[in-house]
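Notes follow the structure.
Bear in mind these aren't lab numbers, they're just calculated from the coordinates by the rules spelled out. Computed from a predicted structure; not experimentally measured. Virtual Cβ from ideal backbone geometry, glycine too; neighbours counted across all protein chains shown.
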């Protein structure tokens with residue numbers, strides 16, 4: 001028995017089974033077309049809303065699911081088992097709702113959270129910029145106070161749900177020259193945000209990724225989510241939970257690749273029998289399975305620490321680093337097990353392979369995760 005699975009409560013197992021069924025029956029059949037057309041499967045999103053999954057990080061008082069960290073990681077894993085692009089879109093939406101829930105005023109919570117928990121408007125998280133990725137303190141987007149309003153100017157980059165989203169959790173400086181003034185705001189797209197061209201990506205093609213341009217966009221002071229200068233600490237706080245979710249998605253993608261590889265190895269015959277009888281293939285599958293299980297255990301431990309109120313930062317970075325790098329390796333080996341067929345779109349492993357790489361980049365690159373881990377080990 002998988003000890004990571006055994007650690008789940010009866011309720012968490014039931015949730016896992018429901019989401020896995022949805023992933024297999026509703027998400028997976030749309031994945032190839034969504035990837036090829038670079039379009040998000042909105043019917044799938046509506047299905048997630050019907051399961052209350054778009055309210056995962058919204059408090060029950062506002063119509064949400066209010067999941068604990070372990071349940072949240074389980075849901076992310078299973079949705080990624082269906083398609084990583086869908087899981088990414090959902091996790092960013094939930095990142096936005098968690099920011100509003102934790103930092104927003106009662107009025108903002110009442111205005112936005114019930115509808116966002118129901119699936120729309122879709123949330124976005126705007127931290128990165130064309131010239132400021134791994135070091136957000138170098139951002140140049142500025143929000144200047146003008147009476148009872150803030151006037152926002154600048155450009156954000158790599159925004160998931162950029163086209164389809166309507167609510168932005170934005171990070172901007174109140175003084176462009178002072179990195180200590182980063183502040184968190186809630187900005188509706190209707191305030192005048194200009195959406196940039198959609199990025200055409202190696203993988204994760206069904207998830208829309210754009211830039212956002214703010215040119216004199218005005219919002220009321222009440223839309224400020226943190227005190228001036230408290231934005232970066234808020235961002236790092238919520239991103240810790242986000243990294244656990246991304247690590248869980250890496251596990252889900254890895255499990256999907258492993259399952260496909262095992263299935264193909266049992267069916268494909270060469271040298272007088274299934275290739276699963278060949279030691280070279282069996283050992284590949286053994287390495288893949290070990291990596292998947294180890295990744296899942298790291299994710300569960302990070303979630304356990306967060307649920308227990310312990311500092312989860314190092315555990316979250318370990319999980320994100322190991323699980324994302326493992327996903328690349330497992331998906332690579334899944335293609336190899338399929339041989340030439342793995343390089344074609346006849347089998348989903350080529351999409352898994354393309355999708356996997358982003359896991360080592362977004363929500364903090366592997367290099368950033370190793371630096372965070374090293375601080376916990378050395379400093």
Legend entry - Angle between the chain longest axis and helix 366-378 axis [Cα atoms, degrees, rounded to 10]: 80
Legend entry - Relative contact order computed over the chain (Cα-Cα under 8 Å; 6+ residues apart), in percent: 16
Legend entry - Principal-axis tilt of helix 313-338 within the chain, Cα atoms, nearest 10 degrees: 40
Legend entry - Theoretical FRET efficiency, 1/(1+(r/R0)^6), r = Cβ-Cβ of residue 259 and residue 379, R0 45 Å, to 0.05: 0.65
Inset, instruction - Would you give the gap between the C-alpha center of the stretch 74-99 and the C-alpha center of the stretch 338-376, rounded to a whole Å? - result: 16
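Round to the nearest 0.05 the FRET efficiency obtained for residue 178 and residue 266 when R0 = 41 Å and r is the Cβ-Cβ distance.
0.10
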Legend entry - Proxy reagent accessibility, fewest Cβ within 10 Å first, across 293, 93: 293, 93
Inset, instruction - Springs between alpha-carbon atoms under 10 Å, Gaussian network over the chain: tell me which of 85, 191, 206 tops the mean-square fluctuations. - result: 191
Legend entry - Shape category assigned to the stretch 332-375 from the gyration tensor of Cα positions, a/c cut at 1.5: prolate
Inset, instruction - Find the relative contact order for the stretch 1-159 and round it to a whole percent, using C-alpha pairs within less than 8 Å whose residues are 6+ positions apart. - result: 20
Inset, instruction - Grab the beta carbon distance between residue 32 and residue 287, set R0 = 35 Å, and tell me the FRET efficiency rounded to 0.05. - result: 0.80
Legend entry - Difference of contour (0.36 nm per residue) and Cα-Cα distance, residue 215 to residue 202: 1.7 nm
Legend entry - Calculated on alpha-carbon atoms, Rg and Dmax of the stretch 123-229 in Å: 13.2, 45
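Expressed in nm to one decimal, what extension gain is obtained for the pair residue 222 and residue 11 from 0.36 nm per residue of sequence separation less their Cα-Cα distance?
Net length gain for the segment: 72.1 nm.
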Inset, instruction - Provide the packing ranking of 48-60, 176-188, 326-338, i.e. peptides ordered by the mean count of other C-beta atoms within 10 Å per residue, highest first. - result: 326-338, 48-60, 176-188
Inset, instruction - Give the shape of the stretch 283-379 as rounded, prolate or oblate, defined through the alpha-carbon gyration tensor: a ≥ b ≥ c are the square roots of its eigenvalues, a/c under 1.5 means rounded, and otherwise the shape is prolate if a/b is larger than b/c and oblate if not. - result: prolate
Legend entry - Order of 94, 99 under a 10 Å beta carbon neighbour criterion, fewest first: 99, 94
Inset, instruction - Give the angle, between 0 and 90 degrees and rounded to the nearest 10, that separates the Cα long axis of helix 28-37 from the longest principal axis of the Cα atoms of the chain. - result: 60
Legend entry - Full-stretch length increase - residue 191, residue 68 - with 0.36 nm per residue and alpha-carbon distance subtracted: 41.0 nm
Inset, instruction - Rank the residues 155, 290 as a footprinting-exposure proxy: fewest other Cβ atoms within 10 Å of their Cβ go first. - result: 290, 155
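Write down the Å³ per residue value for the convex hull defined by the alpha carbon atoms of the chain.
Here the figure is 134 Å³ per residue.
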Inset, instruction - Quote the relative contact order of the stretch 232-378 in percent (integer), defining contacts as alpha-carbon pairs under 8 Å separated by 6+ residues. - result: 31
